[in-house]
Amino acid sequence: MIITVAAFKGGVGKSTTALHLATYLQNTADTLLVDGDLNRSALDWSNRGCLPFKVADEKQGILLAKLYENIVIDTPARPNPDELKTIAQGCDLLVIPTTPDAIALAATMQMVESLKPFKTNYRILLTLIPPHPNKAGEEARAALEKAGLPIFKSGIRRLAVFQRAALEGVPVNAVKDAYAQIAWRCYAEVGQEITIQNSKFKIQN
């Protein structure tokens, strides 16, 4: 299974999402994370500590891909039209993370519009959802559902423990923090949705 994580806007948790989906998938089969982000966020994360899966840049990824059952690809922010076509047609599922603010949602809508010619299997993931009583997450979800767009049932909460995980160079479930398992559960639930969807797709085909 090839999962690509892409967004038209930076700062929406794209690399964090790619890394934690790879962590989840590694529990099911050998997983490779290809870091195609110009910032090399995933490689930097890996170099600071220890991740439970292989991380490679694009050149290494091409050579290593055949050795892995699952591949997660982190992409550059704001892909151009040619890059977007390659992204859209080269994966089993495109995950589009977005924060619940108006600017990020507008960029996500623009990306969805740009994907229309490619018949891509994509799903939107709400990230950095603020805690209650802030209702930004609920309002963003309602807006996306009203627009008829595919969205993950699960969402990623805004928790400082993700930053700590990046500094330590480990997935959030390896951090010794009271909120670590709460944060991990967010991505584990997304991973479960992906594996269920993939199983249904295999049955249909």
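Laboratory data are not the source of any read-out in this text; all were calculated from the coordinates shown. Bear in mind the structure is a predicted one, so any value in this text is a computation, not a measurement. So basically every Cβ, Gly included, is an ideal-geometry build from the backbone, and we count neighbours across all protein chains shown.
Compute a Gaussian network model of the chain, connecting alpha carbons closer than 10 Å, and tell me which residue from Ser114, Ser15, Ser41 fluctuates the most. Comparing Ser114, Ser15, Ser41 in the GNM, the peak value goes to Ser114.
So if the hydrodynamic radius of segment 1-63 is defined as the Kirkwood radius over C-alpha pairs, what does Stokes-Einstein give as its diffusion coefficient at 20 °C and 1.002 mPa s, in µm² per second? My calculation gives 178 µm²/s for D.
Nothing charged except the Cβ atoms of Lys and Arg (+1) and of Asp and Glu (-1): what's the magnitude of the dipole of segment 91-178 about its Cα centre? Round to the nearest 20 debye.
Working: 11 positive and 8 negative charges, 27 e Å.
Using only the charged Cβ atoms, the result is roughly 120 debye.
Using the Cβ-Cβ distance between Ile2 and Ala102 with R0 = 41 Å, the FRET efficiency computed as 1/(1 + (r/R0)^6) comes to roughly 0.85. Within segment 149-175, name every residue whose backbone N is under 20 Å away from a label modeled 7 Å from Cα of Arg185 along the Cβ vector. Residues passing the 20 Å test: 152-165, 171-175.
Treat every Asp and Glu Cβ in the chain as -1 and every Lys and Arg Cβ as +1, leave all other atoms uncharged, and give the resulting dipole magnitude about the Cα centre to the nearest 20 debye. Intermediate results must be reported in sequence, preceding the final value.
Values: 23 positive and 20 negative charges, 62 e Å.
It comes to approximately 300 debye.
Using only DSSP helix segments of four residues or longer, with each worth -39500 (n - 2.57), what per-residue ellipticity at 222 nm results for the chain after dividing by its residue count and rounding to 500?
Working: 8 runs with 95 residues, N = 205.
Computed ellipticity for the chain at 222 nm equals -14500 deg cm²/dmol.
Comparing Leu33, Met109, Thr120 along the charge dipole axis of segment 2-194, the residue lying farthest to the positive side is Met109, per the Cβ-charge model.
Which residue, Ala107, Ala147, Ala56, has the most motion in a Gaussian network model of the chain that connects Cα atoms within less than 10 Å? Per the Cα network of the chain with a 10 Å cutoff, Ala147 tops the list. Multiplying each eigenvalue of the alpha-carbon gyration tensor of segment 82-181 by 5 and taking the square root yields semi-axes of 27, 19, 10 Å, largest first, rounded to whole angstroms.
When Rg is the radius of gyration of the Cα atoms in the chain and Rh is its Kirkwood radius, what does Rg/Rh come to? Numbers along the way, then the final one.
Numbers: Rg = 15.9 Å, Rh = 17.0 Å.
When Rh is taken as the Kirkwood radius, the ratio is 0.94.
Placing a label point 7 Å from the Cα of Thr195 along the Cα-to-Cβ direction, the residues of segment 63-94 with a backbone N closer than 20 Å are 68-73, 92-94. In terms of surrounding Cβ atoms within a 10 Å radius of their Cβ, Asp74, Asp37, Asp57 rank from fewest to most as Asp57, Asp37, Asp74. Within the chain, the whole DSSP H helices whose Cα atoms reach 24 Å or more along their own axis and whose mean Kyte-Doolittle score is at least -0.5 are 180-204.
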